[in-house]
Structure formats: structure tokens, C-alpha cells
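> I have a structure here, written as C-alpha cells, and I will follow up with some questions on it.
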Amino acid sequence: MVSLPSFISNWKSPIKVQRIFVIAKFLQNFLIPNWIMKRIIAYLLAVLGLTSACGQGNFENTDVEGFAVLVADTNVVVLDVRTADEFKDGHIQGAILIDQNQSDFVEKAKTALPIYKKIAIYCRSGRRSANAAGKLSDIGYKCVNLKGGIIAWKEANMPVMTDR
């Protein structure tokens, strides 16, 4: 069995596509026919797409019940990553608002959030908060994302505060 050189398997590059082409070049050195090589590259790109779309960073996902336990914990910071208008329409009590779509999201988070506390993150449906949790976990925060967002929270008849 042929193993990949250590420089490939230990590569820490954030650009996963480059890794695929390095692996393909390595395999090409073993005179693999082009039609097989094309299938291998297509397969690797498909796996990359699935892991990027379905995968997550170093954060947890939890349901409404698990999130409610976190919200009740005084050692957990609740973070709403929606827009200010969405926040005014209804948010979880005690939540801090930092809009994930703003270009300075990470800088604001570093200023407002203590690194030593767990961050319970939510948005409307769970998509933006998963993105934010990935960004924050990449810089050292321990994050938990609410699956289904505030939509799931409201559907479970959990309390919501409004500013309107």
C-alpha cells in the first residue's frame, strides 16, 4: 500500500482544494491513467464539498432543550448574531447582539466576549450562527450553536424578549 508523504498528510493549509491537487499530482507520478485521475479528483472535490457544506468547525450543535440549559448557566454568554431589527423583534433574555454579517464581527466578538466562557450562539434558523460559531471556535472560543435557531426556540414555546 502506498502512503502519502508526510508533507501532504501533515499539511495545515486552510485551502483544502490545493491539498486535493497536491494529492492528485502525487498519484499522477504513479502513472495512473487520466480517466481514473479525473474520477479521483471528482470524488475528492465532492467529498470536500460535502464536508464543507455539512461539516462544522470545532463547535457543538444542540437542540432547544440543551440550549435552554446553557442559557440558564451564568458561566455561559448568550450571543445573537442576527441583525439589529431581527433582535428587536424578539431575542433570548440576556443575549448580546453582534451581527455576524458585519465585516468587523470577529473584532467586536473579541472585545465583547470573554475567551474563558462558553458561548451559546443563535440566529434565526441556525445557519448564520453555525458560521459565526465556526469563526469564533477558530480563534479559541468554545461555542455551542442552537440547531434551528430562534425559530425552533419559539416553536418550543421558550421565552423571548422584545424591544418593540
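> With all protein chains present, calculate the accessible area of R82 using a 1.4 Å probe and round the result to the nearest 10 Å².
10
> Once R0 is set to 41 Å, what does the formula 1/(1 + (r/R0)^6) return for the Cβ-Cβ distance between V22 and K110, expressed as a FRET efficiency to the nearest 0.05?
Calculated value: 0.80.
> Further question: Size of the dipole of the range 112-157 about the Cα centre, Lys and Arg at +1 and Asp and Glu at -1 on the beta carbon, nothing else charged, in debye to 20? Before the final figure, lay out the partial values.
On the way: 9 positive and 2 negative charges, 6 e Å.
Around 20 debye, computed over the range 112-157.
> Further, regarding this structure: How long is the gain from N58 to I36 if the chain were fully straight, where each residue apart is worth 0.36 nm and the alpha carbon distance is subtracted?
On the way: separation 22, 0.36 × 22 = 7.92 nm, distance 3.41 nm.
Stretched fully, the N58-I36 segment lengthens by 4.5 nm.
The values are calculated or read from the model by the stated rules, or taken from the named source; none is laboratory data. Source: prediction; values computed, not measured. Glycine also receives a Cβ, built like all others from the backbone with ideal geometry; neighbour counts cover every protein chain displayed. Note: areas computed on protein heavy atoms with side chains; ligands, DNA, RNA excluded. Shrake-Rupley method; radii C 1.70, N 1.55, O 1.52, S 1.80 Å.
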